[in-house]
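*Asks:* Before we start, here is the structure in question, set down as structure tokens.
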Amino acid sequence: MKYQPVIGLEVHVQLLTDTKIFCGCSTMFGAEPNSQTCPVCLGLPGALPVLNKKVVEFAIKAGLSTNCSITPRSIFARKNYFYPDLPKGYQISQFEDPICQHGWLDIKVNEQDLKRIGITRIHMEEDAGKLVHGELSGRADDSGVDLNRACTPLLEVVSEPDLRSSDEAVVYLKQLHQIVTWLGICDGNMEEGSFRCDANVSVMPVGSSTLGTRAEIKNVNSFKFVKQAIEYEIQRQIDLIEDGGTVVQETRLFDPNSGTTRSMRSKEEAHDYRYFPDPDLVPLVISDQWIERSRQELPELPEQRQHRFMTELGLPLYDAEVLTASRALADYFEAGVAAHGNAKLIGNWIMGEITRALNDSGTSIEACPVAPGQLAELLKLIDNGTISGKIAKTVFDEMWRSGKAAQAIVEEQGLVQVSDSSAIETIIDEIMAANAGQVEEYRGGKEKVFGFFVGQVMKASKGKANPSVVNELLLNKLKG
């Protein structure tokens, strides 16, 4: 019997606000444990939450960017459960009437057609604290609670169970990650937990319309691990069913070291949380004017920019997708095009030399030491024949290291391209005289030898000879 996976994702997006969702404490990562707390996020008696308006603005923008409708009147609820890192004994979240509902994203896996993945809801909530094991005393059996993260603002983005493979899940997740970082509402740092995913996985016989029992894999924090966790869980459930067992509804954890999931706890149903409206927070009313203002403030989104790069600048789809991987990268590219004009050439250098140097140095495009205008000036030196493409790469490396302008480096190091025919002709004559055998081979029909002569000329000229002049002169001379 063949089985069809059914996957839904719940993504927690930590919002890039300076302060927490219901108090004025800092959201800065990495501070001393419990140094960013107050009576509100500690859940002390009598402390009252006050909603951070910036969280609402970010939620509206996230909803509009994922084709959701914005709920005019939404409410906060108390989600009741006990865990040591939850100081109030409940989490302030949204249950009925979340701020965003009924959205979707279109994804494309490999060469398949676009597939629409429904988004059930996006709601605002506060994060819990963090259990710290063995880090305070050095003893593995000691645990502490760090409440710095308690009350940090989150959006939870809940998809419909429309995903049918680990590849679809990863593409959807990457697209959502791109949107929230593009909007500037999340830094997207998965290692620090700013963007993390719970995956609900079940299997059903192919052709069936009855969903299987699902298991939830909690807090997976990389695209690679999401793929591994889902694939393992699919196979685990299939093996269990085929061995005569029954899949139970539960929460599981993914172990990246072994590539397996393990049981954490039985899964509570929604009614076990005893949701009820938070009496300390009034309903949130969002006017049409507020929604429209937020819509006007949205930047050009990744898909829109890809389309413009293809239609207005003539880029192929692959280039457009790569150059819109982040908003900062797309901005860098457009600034380069504005300074130079040749979009394809600028794009090739960004996808080639710029990306290589960024990866080698662990630098982000925002901190790139070669500004778009400097890159454009370098490429203009190729355009006007001052330097060759090969020399340009040497100049680029020096620009990256020193911060100097391309023209200054060319002049200082004497890298001007040699286009003088007589000078190149002299070099060719010497090489042909020293390699008479290869000359005869070429004239005898072995045209591959031509590349040998080009290489020798470029070597003798230390890479400075103009390649087009070299090719033209060599062809004339070798033909005899």
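*Asks:* Please report, ordered by residue number, the helices (runs of 4 or more DSSP H) entirely within the range 233-340 with at least 1 residues that are modelled with pLDDT of 95 or more and more than 30 Å from Ser65 (Cα to Cα).
*Replies:* The helices (runs of 4 or more DSSP H) meeting that bar are 327-340.
*Asks:* Does Ile230 satisfy the condition of being within 15 Å of Gln4 (Cβ to Cβ), aliphatic (A, V, I, L, M) and either part of a helix (DSSP H, G or I) or modelled with pLDDT under 95 (or both)?
*Replies:* It is true that Ile230 is within 15 Å of Gln4 (Cβ to Cβ), aliphatic (A, V, I, L, M) and either part of a helix (DSSP H, G or I) or modelled with pLDDT under 95 (or both).
*Asks:* Please indicate, with yes or no, whether at least one residue in the range 209-222 is more than 20 Å from Pro161 (Cβ to Cβ), assigned by TED's automatic domain parsing to the domain that holds Leu16, in contact with a Cys (Cβ under 7 Å, 6 or more places away or on another chain) and polar (S, T, N, Q).
*Replies:* No: zero hits.
*Asks:* Turning to a different aspect of this structure: Given the criteria surrounded by fewer than 22 Cβ atoms within 10 Å (Cβ to Cβ), modelled with pLDDT under 95 and hydrophobic (A, V, I, L, M, F, W, C), does Val206 qualify?
*Replies:* yes
*Asks:* Also: So for the range 91-98 (the condition being at pLDDT 95 or above, within 29 Å of the chain's Cα centre (by Cα) and among the hydroxyl-bearing types (Ser, Thr, Tyr)), does at least one residue qualify?
*Replies:* Scanning the range 91-98, I find at least one residue that is at pLDDT 95 or above, within 29 Å of the chain's Cα centre (by Cα) and among the hydroxyl-bearing types (Ser, Thr, Tyr), so the answer is yes.
*Asks:* Pairs please, first residue from the range 445-460 and in the same structural domain as Leu474 (by TED's automatic domain parsing), second anywhere and surrounded by 11 or more Cβ atoms within 10 Å (Cβ to Cβ) and part of a loop (DSSP other than H, G, I, E, B), Cβ atoms under 8 Å, 6+ apart in sequence or on different chains.
*Replies:* Phe452/Asn435; Phe453/Asn435; Gln456/Asn435
*Asks:* Being hydroxyl-bearing (Ser, Thr, Tyr) and either surrounded by fewer than 17 Cβ atoms within 10 Å (Cβ to Cβ) or assigned to a strand (DSSP E or B) (or both) narrows it down to one of Thr213, Thr181, so name that one.
*Replies:* After ruling out the rest, the residue left standing is Thr213.
*Asks:* Select from the range 289-340 the residues that are in contact with a helix residue (DSSP H, G or I) (Cβ under 9 Å, 6 or more places away or on another chain) and of a type in the set (Val, Ile, Thr) and list them in ascending order.
*Replies:* Result: Ile291, Val322, Thr324, Val337.
*Asks:* While we're on this one: Between a residue in the range 466-480 that is at pLDDT 70 or above and any residue that is of a type in the set (A, V, I, L, M) and not in a helix (DSSP H, G or I), which pairs come within a Cβ distance under 7 Å, given they are 6 or more apart or on different chains?
*Replies:* Asn466/Val418
*Asks:* Just checking, how many residues over the range 175-218 are touching a residue at least 60 places away in the same chain (Cβ under 8 Å), in contact with a helix residue (DSSP H, G or I) (Cβ under 8 Å, 6 or more places away or on another chain) and closer than 16 Å to Gln237 by Cα?
*Replies:* The qualifying residues number 5.
*Asks:* Residues Arg121, Arg139, Arg116: which one is surrounded by fewer than 18 Cβ atoms within 10 Å (Cβ to Cβ), at pLDDT 95 or above, in the same structural domain as Val203 (by TED's automatic domain parsing) and not β-branched (Val, Ile, Thr)?
*Replies:* Arg116
*Asks:* In this structure, does Met190 turn out to be hydrophobic (A, V, I, L, M, F, W, C), at pLDDT below 95 and either buried (at least 21 other Cβ atoms within 10 Å of the Cβ) or part of a loop (DSSP other than H, G, I, E, B) (or both)?
*Replies:* Considered against the rule, which asks whether it is hydrophobic (A, V, I, L, M, F, W, C), at pLDDT below 95 and either buried (at least 21 other Cβ atoms within 10 Å of the Cβ) or part of a loop (DSSP other than H, G, I, E, B) (or both), Met190 comes out as yes.
*Asks:* Can we say Ile431 is at pLDDT 70 or above, buried (at least 17 other Cβ atoms within 10 Å of the Cβ) and in the same structural domain as Ala376 (by TED's automatic domain parsing)?
*Replies:* no
*Asks:* May I pose another question? Tell me, please, whether a residue that is farther than 23 Å from Leu163 by Cβ, basic (Lys, Arg), in contact with a Pro (Cβ under 6 Å, 6 or more places away or on another chain) and assigned by TED's automatic domain parsing to the domain that holds Pro153 can be found in the range 72-89.
*Replies:* Yes; the residues of the range 72-89 include at least one that is farther than 23 Å from Leu163 by Cβ, basic (Lys, Arg), in contact with a Pro (Cβ under 6 Å, 6 or more places away or on another chain) and assigned by TED's automatic domain parsing to the domain that holds Pro153.
*Asks:* Given the criteria exposed (fewer than 13 other Cβ atoms within 10 Å of the Cβ), touching a helix residue (DSSP H, G or I) at 6+ places or on another chain (Cβ under 6 Å) and under 22 Å from Leu329 (Cα atoms), does Glu366 qualify?
*Replies:* Spelling it out, Glu366 is indeed exposed (fewer than 13 other Cβ atoms within 10 Å of the Cβ), touching a helix residue (DSSP H, G or I) at 6+ places or on another chain (Cβ under 6 Å) and under 22 Å from Leu329 (Cα atoms).
*Asks:* Looking only at the range 220-248, which residues are in contact (Cβ under 8 Å) with a residue 12 or more places away in the chain and exposed (fewer than 14 other Cβ atoms within 10 Å of the Cβ)?
*Replies:* Glu242, Thr246, Val248
*Asks:* Oh, and also: Filtering the range 369-403 down to residues that are outside any helix (DSSP H, G or I) and either within 29 Å of the chain's Cα centre (by Cα) or of a type in the set (A, V, I, L, M) (or both), which residue is surrounded by the fewest Cβ atoms within 10 Å (Cβ to Cβ)?
*Replies:* Gly403
*Asks:* Okay, moving on. I'd like the full set of residues that are surrounded by 23 or more Cβ atoms within 10 Å (Cβ to Cβ) and more than 30 Å from Pro39 (Cβ to Cβ), limited to the range 146-178.
*Replies:* Of everything in the range 146-178, those that are surrounded by 23 or more Cβ atoms within 10 Å (Cβ to Cβ) and more than 30 Å from Pro39 (Cβ to Cβ) turn out to be Val157, Ser159, Leu163, Ala169, Tyr172, Leu173, Leu176.
*Asks:* Considering the range 351-368 alone, what residues qualify as being farther than 28 Å from Ser461 by Cα and either assigned to a helix (DSSP H, G or I) or touching a Pro at 6+ places or on another chain (Cβ under 9 Å) (or both)?
*Replies:* Within the range 351-368, Met351, Thr355, Leu358, Asn359, Asp360, Ser361, Thr363, Ile365, Glu366, Ala367 qualify.
*Asks:* Is the range 48-63 home to any residue that is polar (S, T, N, Q), within 30 Å of Val171 (Cβ to Cβ) and touching a residue at least 24 places away in the same chain (Cβ under 8 Å)?
*Replies:* no
*Asks:* Quick one: in the range 35-79, which of the residues that are basic (Lys, Arg) and surrounded by fewer than 19 Cβ atoms within 10 Å (Cβ to Cβ) is farthest from Asp280 (Cα to Cα)?
*Replies:* Lys54
*Asks:* Give the residue that is farthest from Lys404 (Cα to Cα), with candidates limited to residues of the range 341-350 that are part of a helix (DSSP H, G or I) and of a type outside the set (Lys, Arg).
*Replies:* Ala343
*Asks:* For the range 147-198, which residues satisfy the criterion of being out of contact with any Ser or Thr (no Cβ under 9 Å at 6 or more places or on another chain) and of a type in the set (Asp, Glu)?
*Replies:* Asp162, Asp167, Glu168, Glu192
The values are calculated or read from the model by the stated rules, or taken from the named source; none is laboratory data. This one's a predicted model, so the numbers in the text were calculated from it and none came from an experiment. Quick reminder, even Gly has a Cβ in these numbers, built from the backbone with ideal geometry, and neighbours come from all protein chains shown.
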